[in-house]
Amino acid sequence: MMLLPKWIVREALRSLCLATGVTQKHCVTTTARMDTRKTETRRSLIRRHPKGPPRTNFLSNAGTMPTAIPHALLLSLTVVASSALLAPSALEGQPATCRTSLDSLDSKVRTNYAGHLLEVTGNRAQAHTNLLHSLRGRADTTPFRTCYPVLSAYTQWYADPHLFVFQSQSADTATAHDVQSRLRHMALTEEELRASIVRRRKVDAIEGIWYEGNLRLGVVPDPSGSPGAYVAVVLTADTVSWPVGTVRAEIQRMAPDRYRVKLWTRAFAEIDLLATLHRNDLLRLSPGIWGKAYPTDARRADMLDPVDAHRPTVVVRQRSVVVSIPSHDPQYTRRLDSLIGAHDEAIRSRPLLIVDLRGNEGGGAGTTRALNPYLASTTRKPTPYDSGTAVMLASPAQLAYARRIVGGDTSAAARRILQRLETETGSLVPLDGLPGSTGVEPSHAGNWRVAVMVDGGTVSAAEVLVLKALRSTRAVVIGEATAGALDYQSTQVISLGTGDRRWALGYPTITAHADLPLRGMRGKGIAPAVRVRWSSVADPITEMERRFAK
């Protein structure tokens, strides 16, 4: 999920809070935080993006809320909600059901998501019909409060990381009381957990001590004894609502490094998440990241921030400088600027710069701006993704989104795009005539090489950096295919219109070009120049040095 780039205005943020059930207090706090930051908003259509990333921290409720972003040649992603889109619909006033939620979800995807128009054709159209028939059968017999798996199965069918069902992290009073009455408790200390792992030796990769901010969790086999089942027990609490010893999440192993997670937020909302393990020390919860505190690989010491696993780190080695970037969250832009500036001499004096993007959750493409001159070369190689004019599918929701982005831009191009979005409902409107990038990247002179490490968790804004590497003659992309999230970008969240805000639709508003799926990456990802299966490499960093630090 979702996980996107620079952030919007107070009104859009508050509207998103309304759509997703975030508390008024949290909205005000987050808005105030945004107001104190120096942003680059309120410029032209292309430059008008707010300043923060869309990382929603379901555990601590302190994540930066998503907001709106412009075209900017598809360089970044954002989540936006508009009060106009939250107006009561014909469905409201009736009790929400799983079936009405599914039907509304299907209708809104067809109306607003260009991927349906462009790619659900021929045999795939019949497959979609079959899917919907099957899911409607499930929805008819599924209680509303447990409908999320049905809704999620619908959006997951499209295999687009930017199409998703957004889950509210708030619960109504009755639900919260019910969850509190059923809390599980386990007596567990860090010392006991460490001793157990040492004693058993062979344990699943999910087992151990994990952290997110002040919260520390011990993941151990579920006492129920179910195969592949684990629980996350609070070792150090970050709130009195969830004291030490309470079970904060239930985890089911699906495949190596893939887990289904049922997690409870601070407000006692139940969230269903897919978690994937990357680098052996990052657990991506889509959205959210846990960092692993124990057991860890000493060879990766200092490559993961011990407090906030999202933060970038820089490690200087004898033959390389390793820049680890788990997140493109824009709040870390200045931190990375500072780290790269402080290590400029070390980078220039070593034969290899390693950029580790494995498991990167995305955010804003500008977050890694400090790295660009070290990555770019004076000559540029083409990639399969460089051609085509971005388009938007015309619909009322899309028009509202575009109007927010345009703001005070009264250029002829902006007026023309808005007019076509208003009058050509159902068609693809080209975003041409707008100011854009010159395509010229500054490049620092030097003889170092750049190795960019990627895997299936490298998504969204991180993939923008991957494309920069593919265009550079000094860089090589190594690893596994990325998530493939750049065909459809700039996600906004809209209400399902059922009268219940438990779930909302997140969909991408801007499409790379109208020829998709030709020259697209959805479902395939960006292929690395050098394929490496990371699970088969004991020490990936040393392997990068062996191959490329010449």
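Per-structure values
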{"item": "Residue that is modelled with the lowest pLDDT, among those in region 93-115 that are outside any helix (DSSP H, G or I) and surrounded by 18 or more Cβ atoms within 10 Å (Cβ to Cβ)", "result": "Ala96"}
{"item": "Residue count for region 116-142, restricted to those that are assigned to a helix (DSSP H, G or I) and crowded, with 18+ Cβ neighbours inside 10 Å", "result": "7"}
{"item": "Unique match (being part of a loop (DSSP other than H, G, I, E, B), in contact with a helix residue (DSSP H, G or I) (Cβ under 9 Å, 6 or more places away or on another chain) and either among the aliphatic types (A, V, I, L, M) or modelled with pLDDT of 95 or more (or both)) among Asp515, Asp500", "result": "Asp515"}
{"item": "Residue count, region 292-326 (criterion: buried (at least 16 other Cβ atoms within 10 Å of the Cβ), small (Gly, Ala, Ser) and more than 15 Å from Ala370 (Cβ to Cβ))", "result": "3"}
{"item": "Where Asp272 falls short, out of the listed (1) in a strand (DSSP E or B); (2) of a type in the set (Asp, Glu); (3) over 30 Å from Val150 (Cα atoms)", "result": "(3)"}
{"item": "Selected residue (only one of Val493, Val466, Val532, Val476 is outside the structural domain of Gly366 (by TED's automatic domain parsing) and out of contact with any His (no Cβ under 7 Å at 6 or more places or on another chain))", "result": "Val493"}
{"item": "Strands (runs of 3 or more DSSP E) fully within region 356-460 counting 1 or more residues that are among the basic types (Lys, Arg) and surrounded by fewer than 24 Cβ atoms within 10 Å (Cβ to Cβ)", "result": "449-454"}
{"item": "Matching residues, region 139-198, being touching a helix residue (DSSP H, G or I) at 6+ places or on another chain (Cβ under 6 Å) and among the charged types (D, E, K, R)", "result": "Asp140, Asp160"}
{"item": "Residue count, region 164-195 (criterion: of a type outside the set (D, E, K, R), under 30 Å from Val109 (Cβ atoms) and assigned to a loop (DSSP other than H, G, I, E, B))", "result": "4"}
{"item": "Residue that is farthest from the chain's Cα centre (by Cα) [pool: residues in region 518-550 that are outside any loop (DSSP other than H, G, I, E, B) and exposed (fewer than 15 other Cβ atoms within 10 Å of the Cβ)]", "result": "Arg546"}
{"item": "Qualifying residue in region 272-290 (condition: farther than 22 Å from Asp329 by Cα and in contact with a Phe, Trp or Tyr (Cβ under 9 Å, 6 or more places away or on another chain))", "result": "yes"}
{"item": "Cβ pairs under 7 Å, 6+ apart, first in region 287-303 and under 17 Å from Asn214 (Cβ atoms), second at pLDDT below 95", "result": "Gly288/Asn57; Gly288/Phe58; Gly288/Leu59"}
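Quick grid of which residues meet (1) closer than 22 Å to Val459 by Cα; (2) part of a strand (DSSP E or B); (3) at pLDDT 95 or above:
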position	(1), (2), (3)
Gly218	no, yes, yes
Val234	no, yes, yes
Val244	no, no, yes
Gln252	no, yes, yes
Lys292	yes, yes, yes
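The values are calculated or read from the model by the stated rules, or taken from the named source; none is laboratory data. Model, not experiment: these values are computed from the prediction. Methodologically, a virtual Cβ is constructed for each residue, glycine included, from the backbone with ideal geometry; neighbour enumeration extends over all protein chains shown.
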